[in-house]
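Asker: One structure follows; several queries about it will come next.
The values are calculated or read from the model by the stated rules, or taken from the named source; none is laboratory data. Owing to the predicted nature of the structure, the values given are computational and were not obtained by experimental measurement. When we count neighbours, we look across all protein chains shown, and the Cβ atoms used for this are built from the backbone with ideal geometry, even at glycine.
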Amino acid sequence: MRKGNVTEAKALGAEVAAEERAAKATGTFKNADLYKMHTYNEAIRRTAGSYVLFPGDTPMNSTKKGGNRFERYHEVVPGVGAFALKPPTDKDTPPAGLPQLAEFVGELLRHHSSRFTQSYRINDLTHGMLEEAPAVYTTHHSIQETAALPLATAIMGYVQAEKRELFKKGNGNTGPFFYCRATDEEGHPLTLDISAAQGALFVGWGGGHAGPYRTTDWMGRVTSCRLVGKQTIFRETGVEPTSDTVHYLLFKLEDVSPFAPRDISELVKARNGVGKGGRYRTFQAKFKEVFVLPPPAVEVG
């Protein structure tokens, strides 16, 4: 060990010892204990919070963030904290600080009984994602690719060849986007679950009227999906739709990434086989349905 490291270690040890003496003298908790609570939070699976109980002199207000409570985000958990419980001199007297601790435990129980909290949403989404078994696909080059979210919703949007780069890169400062008619040429509405669009994957595709139909060489993540008119699309993207449709769906995209093209001819025919005006409709599928399909004989961008 180098001399500098030894000196730093001694200084740190002296600092910890001084903190322990100060804690004993003032009846407060030590930062080292809180650091250990952070360790418990990270090391023990499904731990929502870790808290220190110490024989302090001054009970702290358990309903206020800061001071003795340190939440990671905006809610009571996940977090760490410390609560003073001073042993009484009289056996019939409850410990000082017990009401504050009981109040905090009650807050925890109320929080965990609610399904409308951020932490519940995080846990629910985490469980839903982690229970999915990744899909593994072997390309014609004998290279294995893995889809981590095979059950994620994929918005499959028909993209004309001349608009692929526009949708991929955006128009100036707009960022990537995609728009389509909310109905097909015969007036049939799209069968899209718009509520599931935000956070879904977007995969573009194209091809002639008789096929074959192939995906583009990129995919993105949908950040929003809105029912809009022509003027809104022009105002937000600088592109004016040429069809006479009144209503459109406007998708804003992020995280555009390469995607090896797939031949989705059978998938398109199965989903858009109603009416001659339905062949180019935007539809949705599970990403696994697209991911495991073979690439075309000649890959296109």
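Asker: Can you spot a residue in segment 34-41 that is surrounded by 11 or more Cβ atoms within 10 Å (Cβ to Cβ), among the β-branched types (Val, Ile, Thr) and at pLDDT below 80?
Answerer: No, segment 34-41 contains no residue that is surrounded by 11 or more Cβ atoms within 10 Å (Cβ to Cβ), among the β-branched types (Val, Ile, Thr) and at pLDDT below 80.
Asker: Right, something else. Return the total of residues in segment 249-275 being touching a residue at least 12 places away in the same chain (Cβ under 8 Å) and among the small types (Gly, Ala, Ser).
Answerer: Of the residues in that region, 4 qualify.
Asker: Here's another thing I want to ask about it. Considering each of Thr191, Thr174 in turn, give the residue that is surrounded by fewer than 21 Cβ atoms within 10 Å (Cβ to Cβ) and within 15 Å of Thr153 (Cβ to Cβ).
Answerer: Checking each option against the conditions leaves just Thr191.
Asker: Shifting gears a bit: Could you tell me which residue of segment 226-256 is surrounded by the fewest Cβ atoms within 10 Å (Cβ to Cβ), considering only residues that are at pLDDT below 90 and under 20 Å from Gly206 (Cα atoms)?
Answerer: Thr242
Asker: Pull out all pairs, ordered by first then second residue, where Cβ-Cβ is under 6 Å, the residues are six or more apart or on different chains, the first lies in segment 276-297 and is exposed (fewer than 15 other Cβ atoms within 10 Å of the Cβ) and modelled with pLDDT under 85, and the second is of a type in the set (Ser, Thr, Tyr) and assigned to a helix (DSSP H, G or I).
Answerer: The qualifying pairs do not exist here.
Asker: Only one of these conditions is not met by Leu166: (1) touching a residue at least 24 places away in the same chain (Cβ under 8 Å); (2) within 22 Å of Glu289 (Cβ to Cβ). Which number is it?
Answerer: (2)
Asker: If a residue must be surrounded by 12 or more Cβ atoms within 10 Å (Cβ to Cβ) and under 16 Å from Val52 (Cα atoms), how many such residues does segment 64-98 contain?
Answerer: Summing the residues that are surrounded by 12 or more Cβ atoms within 10 Å (Cβ to Cβ) and under 16 Å from Val52 (Cα atoms) in segment 64-98 gives 20.
Asker: Are any residues in segment 194-213 buried (at least 22 other Cβ atoms within 10 Å of the Cβ) and either not assigned by TED's automatic domain parsing to the domain that holds Lys252 or not aliphatic (A, V, I, L, M) (or both), and if so, which ones?
Answerer: Answer for segment 194-213, where residues must be buried (at least 22 other Cβ atoms within 10 Å of the Cβ) and either not assigned by TED's automatic domain parsing to the domain that holds Lys252 or not aliphatic (A, V, I, L, M) (or both): Phe202, Gly204, Trp205, Tyr213.
Asker: Could I ask something else about it? If you scan segment 178-198, which residues turn out to be in contact with a Lys or Arg (Cβ under 7 Å, 6 or more places away or on another chain) and closer than 14 Å to Ala285 by Cα?
Answerer: The one that is in contact with a Lys or Arg (Cβ under 7 Å, 6 or more places away or on another chain) and closer than 14 Å to Ala285 by Cα: Leu190.
Asker: Then there's this: In segment 197-248, what residues are in a helix (DSSP H, G or I) and without any contact (Cβ under 8 Å) to a residue 24 or more places away in the chain?
Answerer: Scanning segment 197-248 gives Lys230, Gln231, Thr232, Phe234, Arg235.
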